[in-house]
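The values are calculated or read from the model by the stated rules, or taken from the named source; none is laboratory data. Quantities reported herein were computed from a predicted structural model and do not represent experimental measurements. Quick reminder, even Gly has a Cβ in these numbers, built from the backbone with ideal geometry, and neighbours come from all protein chains shown.
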Amino acid sequence: MIRFLMPLLLIGSLSAQKPAYQDKQPQHYKFQERASIIDPRVRAHPEIDYFLEKAGKPADLQHAAVDTRVAPQGKLVIWLMAYNTELFDRTSSYGFHSIQVHYANGWFGKLYNNKTPPEDLFLSKIRLEAATGQDFSDAVTIPSADGMMERALQFVKWLAKKNPQARWDAFLTPDGNALRWDRVIVSGASHGSTTAARFAKHQKVDRVVMFSGPRDQYEVWQKLPSATPENRFFGFTHTLDDGWQNDHYCRSWELLGMHAFGPVTDVDQNKPPYGNTRRLITSADVKNNAGRAHSSSTPGRSAVKDAKGRYIHEDVWRYLFTHPVDQVGKADGHDDSCIIEQREALK
């Protein structure tokens, strides 16, 4: 397929934050394609439980969505967990382009079983290697083609050809060899939110949206210098989630510096903009089910609905992705009830 060439009159929009669509039939586009079809360099890594096929079915499908009926925000959401249709419907409605990439992240279940990691940055190094495809860890060998960064780049290049009217090319550098990370929102839930946060410490991005995370409670990478400014990290979790109950999230949020922009705020007792804070919690009724609580922070079957069947956290999801990063809350101090040094607490 011939690479889409932009008319000269739109070249200037590449440097703008909101590139104009060129769609004669505006609509909500949804795409899926296997990573191994998009990039023939892609490989399976069974040693870390990462496969391209399972039970004879493709396991490397990647998804994308954009709604050209909605004014574009000029931001690309990269989702680092399994595809979530309802989440993508919402990010599309906010005016974002969104992709979910299948990258070598199966290592978590293979190399970590809730035991204390052998060193402070053991998981940190693996996360960075899985995200970047660069050699950070001796525990895994993940080449560039199987890391998140390259998968995302190749997917966006594929989308730019497949769906040129939606202007996916606006997220590519002029030479097409990299993504415009200053226009990227990285997001995920649980394991994915932890990798999103770790990656954003390494690579400056527009924003980080963390559902039910981050964890890595025995590590200290959360307090390392950050390429992404601290006011650009946003988190949301349920109070029955064991990651909250055991201080995994509260300590990560403090180490990330999020307490400098507002207190932990219960969204069920407050209205947007929640005091402009970055730390949001809910205690909504999940029938005392901790497993459901862990998944309830994102749209889907575990999320809480009202008597009319409507999700009660629509405003929260919109806030996390769209609240202006320069609007911040009042700085909050350390929470004495939150155990920060969890590795030391084991001794």
Worksheet, complete the sentence: Listed by first then second residue, the pairs whose first member lies in region 124-151 and is touching a residue at least 12 places away in the same chain (Cβ under 8 Å), whose partner is assigned to a loop (DSSP other than H, G, I, E, B) and polar (S, T, N, Q), with beta carbons under 6 Å and at least 6 positions apart or on separate chains, are Lys125/Ser137; Ile126/Ser137; Glu129/Ser137; Ala130/Asn105
Discussion item. Tell me whether region 56-71 contains one or more residues that are at negative phi, acidic (Asp, Glu) and more than 22 Å from the chain's Cα centre (by Cα).
Written reply: no
Response to the item:
Just one listed residue, out of Gly95, Gly133, is within 18 Å of the chain's Cα centre (by Cα), surrounded by fewer than 23 Cβ atoms within 10 Å (Cβ to Cβ) and under 27 Å from Asp216 (Cβ atoms), and it is Gly133
Practice prompt. Only strands (runs of 3 or more DSSP E) wholly contained in region 125-241 count here; list those with 3 or more residues that are in contact with a helix residue (DSSP H, G or I) (Cβ under 7 Å, 6 or more places away or on another chain) and farther than 30 Å from Met258 by Cα.
Written response: none
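So that you can scan it fast, the table gives a plain yes or no per residue for (1) at pLDDT below 95; (2) surrounded by 20 or more Cβ atoms within 10 Å (Cβ to Cβ); (3) closer than 19 Å to Met148 by Cβ:
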| residue | (1), (2), (3) |
| --- | --- |
| Ser13 | yes, no, no |
| Glu33 | no, no, yes |
| Ile48 | yes, yes, yes |
| Lys54 | yes, no, no |
| Asp67 | no, yes, no |
| Ala82 | no, no, yes |
| Thr85 | no, no, no |
| Gly109 | yes, no, yes |
| Lys115 | yes, no, no |
Item to complete: Considering every residue within region 110-121, establish whether at least one is assigned to a loop (DSSP other than H, G, I, E, B), farther than 28 Å from Phe321 by Cβ and aliphatic (A, V, I, L, M).
Response: yes
Item to complete: Run Glu150 past the list (1) crowded, with 21+ Cβ neighbours inside 10 Å; (2) over 19 Å from the mean Cα position of the chain (by Cα) and report the number of the one that doesn't hold.
Response: (2)
Discussion item. Conditions first: (1) in contact with a Pro (Cβ under 8 Å, 6 or more places away or on another chain); (2) over 23 Å from Phe155 (Cβ atoms); (3) of a type outside the set (Val, Ile, Thr). Ser193 passes all but one, so which condition is the exception?
Written reply: (2)
Discussion item. I need a count of the residues in region 166-198 that are more than 19 Å from the chain's Cα centre (by Cα) and either surrounded by 24 or more Cβ atoms within 10 Å (Cβ to Cβ) or β-branched (Val, Ile, Thr) (or both).
Written reply: 4
Worksheet entry | Number of positions in region 215-255 that are more than 14 Å from Ala197 (Cβ to Cβ) and in contact with a His (Cβ under 6 Å, 6 or more places away or on another chain) | 1
Worksheet item: Does region 269-290 include one or more residues that are within 21 Å of Trp317 (Cβ to Cβ), part of a helix (DSSP H, G or I) and among the aliphatic types (A, V, I, L, M)?
Response: no
Fill in: Tally, over region 306-347, of residues that are touching a strand residue (DSSP E or B) at 6+ places or on another chain (Cβ under 9 Å) and either more than 18 Å from Val267 (Cα to Cα) or assigned to a loop (DSSP other than H, G, I, E, B) (or both)
6
Worksheet item: When you look at Pro225, is it surrounded by fewer than 22 Cβ atoms within 10 Å (Cβ to Cβ) and under 20 Å from the mean Cα position of the chain (by Cα), yes or no?
Response: yes
Fill in: Close pairs from region 64-75: first in contact (Cβ under 8 Å) with a residue 12 or more places away in the chain and within 23 Å of His102 (Cα to Cα), partner of a type in the set (Ser, Thr, Tyr) and surrounded by 24 or more Cβ atoms within 10 Å (Cβ to Cβ), Cβ under 8 Å, at least 6 apart
Ala64/Ser98; Ala65/Thr91; Ala65/Ser98; Val66/Ser98
Practice prompt. Can you work out which of the residues in region 273-322 that are in contact with a helix residue (DSSP H, G or I) (Cβ under 7 Å, 6 or more places away or on another chain) and within 21 Å of Leu76 (Cα to Cα) is surrounded by the most Cβ atoms within 10 Å (Cβ to Cβ)?
Written response: Arg278
Response to the item:
Across region 210-219, the tally of residues that are surrounded by fewer than 24 Cβ atoms within 10 Å (Cβ to Cβ) and closer than 25 Å to Pro324 by Cβ stands at 0
Discussion item. Any residue at all in region 93-103 that's over 22 Å from Gln154 (Cα atoms) and touching a helix residue (DSSP H, G or I) at 6+ places or on another chain (Cβ under 8 Å)?
Written reply: yes
Discussion item. With the structure loaded, tell me whether Trp221 is at pLDDT 95 or above and over 27 Å from Asp135 (Cβ atoms) or whether it fails that test.
Written reply: no
Item to complete: Could you please let me know if Arg251 is part of a helix (DSSP H, G or I) and either surrounded by fewer than 16 Cβ atoms within 10 Å (Cβ to Cβ) or modelled with pLDDT of 95 or more (or both)?
Response: yes
